[in-house]
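Just below is one structure, and these are the notes that go with it.
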Amino acid sequence: MEKAYIELKIPSTVFYIEPVRAFIGNLTQSLGFSRKRVADIQLVLDEICSNAINHGSANATVGIKLQICIDSEALEILVRDTGRGDTREHNWLALERLSEIEAKRAPSNERGHGIFIVRSLADAHEMASNEAGGTDVRVIFHREN
């Protein structure tokens, strides 16, 4: 199978996460992922998009971008935000902050659970600053044979 690419751009509001979640659910189901794995992928995407909207977007008109790459071995999803223009939120999910966020993760603390979910459910993940001043989060899910 050749690589297939899908690109989406959604406004930076949580209202648009559910349609993207449904799209990814239908896509991954048609690719042969198990029902449980489809739910895992949807949850990971939900968490990444929520973080990008809440922490990495200046306003709803800026939007976030999703790039989906499919091949015979894996499904790869990249979520890109452009940052808030606020130095406190710049690079909100980069590796430098990951240990800080995880250290504060506790049942009594509401922050940081999404990153834990991403790390637990994705086969691979990567977080990095992008040229737009925001954060790129890439997750990979290996296809089941």
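The requirement of being at pLDDT 85 or above, part of a strand (DSSP E or B) and surrounded by 13 or more Cβ atoms within 10 Å (Cβ to Cβ) is satisfied by Val139.
In the set (1) touching a residue at least 40 places away in the same chain (Cβ under 8 Å); (2) surrounded by 18 or more Cβ atoms within 10 Å (Cβ to Cβ), Ala74 fails one condition alone, (2).
Restricting attention to the stretch 83-136 and to residues that are among the hydrophobic types (A, V, I, L, M, F, W, C), part of a loop (DSSP other than H, G, I, E, B) and under 25 Å from Ala58 (Cβ atoms), the residue that is modelled with the highest pLDDT turns out to be Ala132.
Taking the stretch 1-53 as the region of interest, how many residues are of a type in the set (A, V, I, L, M, F, W, C), within 12 Å of the chain's Cα centre (by Cα), surrounded by fewer than 18 Cβ atoms within 10 Å (Cβ to Cβ) and at pLDDT below 95? Total satisfying the criteria: 0. Residues that are in contact (Cβ under 8 Å) with a residue 40 or more places away in the chain, under 13 Å from Ile77 (Cα atoms), in a helix (DSSP H, G or I) and out of contact with any Leu (no Cβ under 6 Å at 6 or more places or on another chain) within the stretch 3-42 comprise Val20, Leu27, Thr28, Ile41, listed in sequence order.
The values are calculated or read from the model by the stated rules, or taken from the named source; none is laboratory data. Please read these numbers as outputs of a predicted model, since none were measured by experiment. Neighbour counts are summed over all protein chains in view; Cβ atoms, including those assigned to glycine, are modelled from backbone coordinates with ideal geometry.
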